[in-house]
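To keep things clear, I will list the structure first and then write my remarks on it.
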Amino acid sequence: SQQGEEDPQALSIQEGENATMNCSYKTSINNLQWYRQNSGRGLVHLILIRSNEREKHSGRLRVTLDTSKKSSSLLITASRAADTASYFCATDAAGAQKLVFGQGTRLTINP
Amino acid sequence: DGGITQSPKYLFRKEGQNVTLSCEQNLNHDAMYWYRQDPGQGLRLIYYSQIVNDFQKGDIAEGYSVSREKKESFPLTVTSAQKNPTAFYLCASSITANTEAFFGQGTRLTVV
């Protein structure tokens, strides 16, 4: 069973616009992570937000976490063509000691 | 260089054959994971291990087996019992489940 579900499944925007992706999860967590995957490659870690944090920034990335709604969002500002990739959220399902991923959002940045 | 290495990059399996995918890390991580990814889909957890000589089934363990005899190595065997093994397989490691995971570049398995 998937712990996280991303929304939308696919997103296409123009270069320079902001991209927002959402993630919902089912059980309590210790933290939530976002990863990026270029086609046919392994995943790369972007950012980790702990359950007691509400917002975190890293460069052009902004992540929010609402534990009452069991949801998170990833905002990429001033998008670039190189941001084209799939983005996944992952949770550690508190107590389960395993990392579970959602279905991902396929982001396309049009030049 | 520290990292996690999967081999081979491409693997072809005949019907009824067992094949083993290699995953090695030199990051001194305790936790290791195997995921399966089908085209356009997310990652599904096959097996995971938090410590040497111990591992647990994930969501889709049927038809797969693993071992964790060394901290650095977590090989995955795709057995003949796995009826639809064609997929992209990803191995990852982390200090614990609560920390950043590092991924290998994946093995693409095809049944011929």
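How would B:Val52, A:Val44, B:Val112, B:Val19 line up from fewest to most surrounding beta-carbon atoms within 10 angstrom?
Going from least to most buried by this count: B:Val112, A:Val44, B:Val52, B:Val19.
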Discussion item. As an exercise, identify the trypsin sites (Lys or Arg not before Pro) in segment B:10-112 lying in DSSP coil whose Cβ has no more than 14 other Cβ atoms within 10 Å.
Written reply: B:Lys14, B:Lys83
Response to the item:
In debye to the nearest 20, the charge dipole size for chain B, taken about the Cα centre with +1 at each Lys and Arg Cβ and -1 at each Asp and Glu Cβ, equals 380
Worksheet item: According to a simple spin-label model (label point 7 Å from Cα along Cα-to-Cβ), what is the distance in nm between B:Asp54 and B:Asp30?
Response: 0.8
Worksheet entry | Phi-based couplings in Hz for segment B:90-106 (Karplus 6.51, -1.76, 1.60; Gly and Pro marked x) | 10, 10, 9, 9, 7, 5, 9, 5, 8, 10, 4, 9, 10, 10, x, 8, x
Practice prompt. Sticking with the crude label model, points 7 Å out along Cα→Cβ, report the distance from A:Lys56 to A:Ala81 in nm, one decimal please.
Written response: 3.2
Response to the item:
Diffing segment B:80-86: the Karplus 3J(HN,Hα) column from phi (6.51, -1.76, 1.60, θ = phi - 60°), in whole Hz with x for Gly and Pro, holds 5, 6, 7, 7, 9, x, 4
Worksheet entry | Test item: Cα-centred dipole of the protein assembly as shown, Lys/Arg +1 and Asp/Glu -1 on Cβ, debye | 200
Worksheet item: Which is farthest toward the positive dipole end of chain B among B:Gln17, B:Asn53, B:Ala101, measuring Cα position about the Cα centre, with Cβ charges +1 (Lys, Arg) and -1 (Asp, Glu)?
Response: B:Gln17
Item to complete: Return the subset of A:Lys69/B:Lys83; A:Lys26/B:Lys14; A:Lys26/B:Lys57 for which the Cα-Cα distance in this structure is over 29 Å, preserving the input order.
Response: A:Lys69/B:Lys83; A:Lys26/B:Lys14
Practice prompt. Tabulate in residue order the Karplus-calculated ³J(HN,Hα) for segment A:44-55, using 6.51 cos²θ - 1.76 cosθ + 1.60 with θ = phi - 60°, rounded to whole Hz; enter x for Gly and Pro.
Written response: 10, 5, 9, 6, 10, 10, 7, 5, 9, 9, 10, 8
Item to complete: Any lysines with Cα under 17 Å of the A:Lys56 Cα? List them, leaving off those in the same chain fewer than 8 positions away.
Response: A:Lys70
Worksheet, complete the sentence: Listing A:Ser73, A:Ser51 by rising number of other beta-carbon atoms within 10 angstrom, fewest first, gives A:Ser51, A:Ser73
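Each value in this text was obtained by applying a stated rule to the coordinates, not by laboratory testing. If you're wondering where the values come from, they're calculated on a predicted model, not measured in any experiment. All Cβ positions, glycine included, derive from the backbone under ideal geometry; neighbour counts span all protein chains shown.
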